[in-house]
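Heads up, the thing below is written out as structure tokens.
The values are calculated or read from the model by the stated rules, or taken from the named source; none is laboratory data. These numbers were taken from a predicted model, which means no experiment stands behind them. Cβ sites come from the backbone with ideal geometry, for glycine too, and all protein chains shown count toward neighbours.
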Amino acid sequence: MFIRKNTMPEFASRSANMDRYIQDFLRRKPGGVIAELGCGLETTFYRNDNGHTRWYAVDLPDVMEYRKTLLLEPERQTYFAGDAFSDDWIRRIRIDVPDAPVLVTAGGLFHYFEEEKVLALMRMLQSFGNEEPYYRHIDKTGLKLSTKLSMNVSDRFCMVKMVHVK
């Protein structure tokens, strides 16, 4: 395994926090839809499925092809192969469920991209309306420590420097 041990608690904490937020959203908005950006091999759907929610898992085409070999596409989950920063996936959701509230999650995705690209996605989501974004974030106080601990995630990978977005 190539992941450093000191990152494991962070992964578990991120998943637990994301699950709590998703479950709260589904309690507040039972007809809500989940869009999971940068899903990779996440199993968030299986941990939070309430038996009737529509779920869209979005990632790059090669990632989605690999995902399909390991995780079958459940009946209410749509695997969307595409760029999380394009509007193709949200347009698809709006065709499938035009008026449903949508929770857009992006756990562990944004720190791989430049600030302006992330902000452009947030602006794009605002233009569609009825979307609620939730992503892993840290406040300015925690940024310094997190950046110091997380820059070298593994012996084969380093992530870009995180920034504080007001």
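Filtered by the rule that a residue be surrounded by 20 or more Cβ atoms within 10 Å (Cβ to Cβ) and at pLDDT below 90, the range 3-58 gives a lone residue, 18. Pairs are defined by a Cβ separation below 9 Å, a sequence spacing of at least 6 or placement on different chains, a first member in the range 59-72 that is on the phi < 0 side of the Ramachandran plot and acidic (Asp, Glu), and a second member that is in a helix (DSSP H, G or I) and surrounded by 12 or more Cβ atoms within 10 Å (Cβ to Cβ); the pairs so defined are 59/67.
Among the residues of the range 62-96 satisfying the criterion of being of a type in the set (Ser, Thr, Tyr) and more than 11 Å from residue 40 (Cα to Cα), which is surrounded by the most Cβ atoms within 10 Å (Cβ to Cβ)? Across the range 62-96, the extreme among qualifying residues is 78.
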